[in-house]
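The values are calculated or read from the model by the stated rules, or taken from the named source; none is laboratory data. These numbers come from a predicted model, not from an experiment. Here the Cβ is made from the backbone with ideal geometry for all residues, glycine too, and neighbour counts use every protein chain on show.
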Amino acid sequence: MSQTKQHNPIQKALINGKNRQDPYDPFPWYKKMRTESPIHYDEDSKVWSVFRYDDVKRVISDKDFFSNQFPQLGTGNTFAKTMISMDPPKHTRIRSIVNKAFTPRVMKEWEPRIRELTNELLADVRGREEIDLVQDFSYPLPVIVISELLGVPSVYKHHFKEWSDLLVSLPKSDRPEDVNEWKNIRDQGEEELTAFFEKMIEEKRQNLGNDLISLLIKAEQEGDKLSPDELVPFCNLLLMAGNETTTNLVSNAVYSNLETPGVYDELARHPELIPQAVEEAVRFRAPAPMIVRFVKQDTEIRGVSLKKGEGVIAFLASANRDETKFERAHEFDIHRHPNPHIGFGHGIHFCLGAPLARLEAAIAIEALLKQYASMEKLAVVPMADSSMYGLKHFRLRVKSAGETAPN
């Protein structure tokens, strides 16, 4: 099916911003923007960007002036009928359904299974002197967990990762040929993912269980909470959100732990500090570095006028390094308290899967510390052409716990 490739100003603005950044070290650019142009208007894309903590927090949480409803998203886009593109009151109704899958009680029930999966993955690489943390561990773990949470076979995990990577991808550039190539590949992946979930949903209608897809089907059957054509997009969103964020959180946390002298050994001696280390990793290297909003009614930020309908990119990763909010903002400090980061968003759109991401990351780091007495960074390959922030490969030289050093 041929389609006219529409110009997407938000996408163009993101590409323009990424062109000015090192993919895994965008922080000097963020600092420059916070200092020189904290409310920045990109003339090329006609989109605003905000970089300071207070401004970012307002944009992502002030539902009276900033909307989640994306005018650029057509009805064919997988996210057009999900929570990330909704405002109250519909957002409130829909979120109340899926919230049930991420309560503290449910997370506690899942903890033993996540530990079991973690140990199985680490057993597979035990005895090796080198590992790729991403490919061997931080990518498969969240994919398997979200698969089981959704109630779909994890044997499809390689497809899941490929599909979810496509959903958060960006074109290589804003040249028409690159945009068209990206859109064709992305559309094909989205069609495959949609077909997969349509099949899964039909099978589950005949045999409802306690998984998240069954929960969504029951909500659809209740009436006005969820319509049939919203089910598949929600599954797409939950699959993507359930593995992309956690994969990058685990990888970024390990990178930050190893980058900061003494932290790895301190966490091994004091595992009770692991939850704080996870929170600091979310602040220091936010897996989802930006959120998009649209101006709902004319407003001002720092005396700058924003007009109804204009797009705004709120850079969470920059806000989390704002020197006016965090002392020693550019230091990774596992003892930081309080730590009011907004790496998971803020307000009514606070990341639904944050409890799961926190739990998986804490279990993962604890298990790595138990298995390895030391880790040494060998090489990294940052994610490129993506709206997420993380690593595609992270090669490590590892020494098992209890292993004696050579004479």
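Here are the numbers for the structure shown:
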{"quantity": "Top-ranked residue of region 332-349 - restricted to ones that are over 24 Å from Thr92 (Cβ atoms) and hydrophobic (A, V, I, L, M, F, W, C), ranked as surrounded by the most Cβ atoms within 10 Å (Cβ to Cβ)", "calculated": "Ile334"}
{"quantity": "Verdict on Ser318 being at pLDDT 95 or above and polar (S, T, N, Q)", "calculated": "yes"}
{"quantity": "Residue pairs meeting the criteria (Cβ under 8 Å; at least 6 apart or on separate chains; first outside any helix (DSSP H, G or I), in region 350-370; second among the polar types (S, T, N, Q) and surrounded by fewer than 24 Cβ atoms within 10 Å (Cβ to Cβ))", "calculated": "Leu352/Asn99"}
{"quantity": "Which listed residue is among the charged types (D, E, K, R), in a loop (DSSP other than H, G, I, E, B) and over 18 Å from Leu239 (Cβ atoms), from Lys183, Lys172, Lys218", "calculated": "Lys172"}
{"quantity": "Any hit, region 70-82, residues being modelled with pLDDT of 95 or more, within 14 Å of Ile313 (Cα to Cα) and among the aromatic types (Phe, Trp, Tyr)", "calculated": "no"}
{"quantity": "Checking Leu352 against (1) modelled with pLDDT of 95 or more; (2) surrounded by 19 or more Cβ atoms within 10 Å (Cβ to Cβ), the condition it does not meet", "calculated": "(1)"}
{"quantity": "Complete set of residues in region 124-147 that are over 18 Å from Asn243 (Cβ atoms) and of a type in the set (D, E, K, R)", "calculated": "Asp124, Arg126, Arg128, Glu129, Glu130"}
{"quantity": "Filter result (over 10 Å from Asn248 (Cα atoms) and in contact with a Ser or Thr (Cβ under 9 Å, 6 or more places away or on another chain)) within region 382-396", "calculated": "Asp385, Ser386, Ser387, Phe394"}
{"quantity": "Close pairs from region 152-166: first under 24 Å from Leu208 (Cα atoms), partner polar (S, T, N, Q) and crowded, with 21+ Cβ neighbours inside 10 Å, Cβ under 7 Å, at least 6 apart", "calculated": "Phe160/Asn243"}
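The rows are residues; the columns are (1) within 25 Å of Ala288 (Cα to Cα); (2) surrounded by fewer than 19 Cβ atoms within 10 Å (Cβ to Cβ); (3) within 23 Å of the chain's Cα centre (by Cα).
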site	(1), (2), (3)
Val125	no, yes, no
Glu129	no, yes, no
Ser138	yes, no, yes
Val143	yes, no, yes
Ser147	yes, no, yes
Ser154	yes, yes, yes
Leu170	yes, no, yes
Asp178	yes, yes, no
Phe197	yes, no, yes
